[in-house]
1. Is it the case, given these coordinates, that residue 186 is surrounded by fewer than 14 Cβ atoms within 10 Å (Cβ to Cβ), on the phi < 0 side of the Ramachandran plot and of a type in the set (Lys, Arg)?
2. Hey, which of the helices (runs of 4 or more DSSP H) in the stretch 116-195, taking only ones fully inside, have at least 1 residues that are in contact (Cβ under 8 Å) with a residue 60 or more places away in the chain and within 24 Å of residue 99 (Cβ to Cβ)?
3. Of the conditions (1) under 18 Å from residue 62 (Cα atoms); (2) among the hydroxyl-bearing types (Ser, Thr, Tyr); (3) surrounded by 21 or more Cβ atoms within 10 Å (Cβ to Cβ), residue 91 fails just one. Which one is it?
Amino acid sequence: MSTYPHVRFLTSAAEPHQLAADSGREVAFAGRSNAGKSTAINAITQRSGLARVSRTPGRTQLINFFEIAPARRLVDLPGYGYAKVPERVRSKWLALLQHYFNVRESLVGLVLIVDSRRGLGEQDVAMLEWVLARGRAAHVLLTKSDKLNRQDGVRVLRGTAEACSDTVVTSQLFSAHSKKGVEEAREVMNRWLTEA
């Protein structure tokens, strides 16, 4: 049974005026288009079809809001970094994301999805800088960690921690396939959503 039995899709936004009401608390999920963001969201919420998983990276082009509980939301941000997306579409996503980070008072934390085999990229670092500039929390999920051996897993986790050592960013290994780190990620989200 889902930890969030009442989770439901709330609304999608392609333009700033379409964002959900800025009240309560929300946790945003962001990441490169092929890092496994939708799969991570579905694993954490224990709802297989909540966020749409596509074989075509870059499919999430809207900001999608899901209600976890009254005044508590999970926000699925558009994926970034996919080369085949037209420049005008990328520019629109960027403007929408910047607006989102600049204005959302209800945003309490960002879960950044990073493919553990690639590590933090330039755009990932920029995303962290946006959210940290607003004084919000950030947590890195190093996805697809089941594809790494133990030694490589330790190395990538250490490298991520070192890259974020000057900040309050936390990180962990994660695999939706093996369920490694799912409970830990869920606890981070729950803590952010319930802290006063």
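1. For residue 186, the condition - surrounded by fewer than 14 Cβ atoms within 10 Å (Cβ to Cβ), on the phi < 0 side of the Ramachandran plot and of a type in the set (Lys, Arg) - is not met.
2. Hits in the stretch 116-195: 122-133, 182-194.
3. (3)
The numbers here are math on the coordinates, done by the rules we state, and not lab data. Since the structure is predicted, the reported quantities are computational estimates derived from the model, not experimental observations. Note that we place each Cβ from the backbone using ideal geometry, even for glycine, and neighbour counts take in every protein chain shown.
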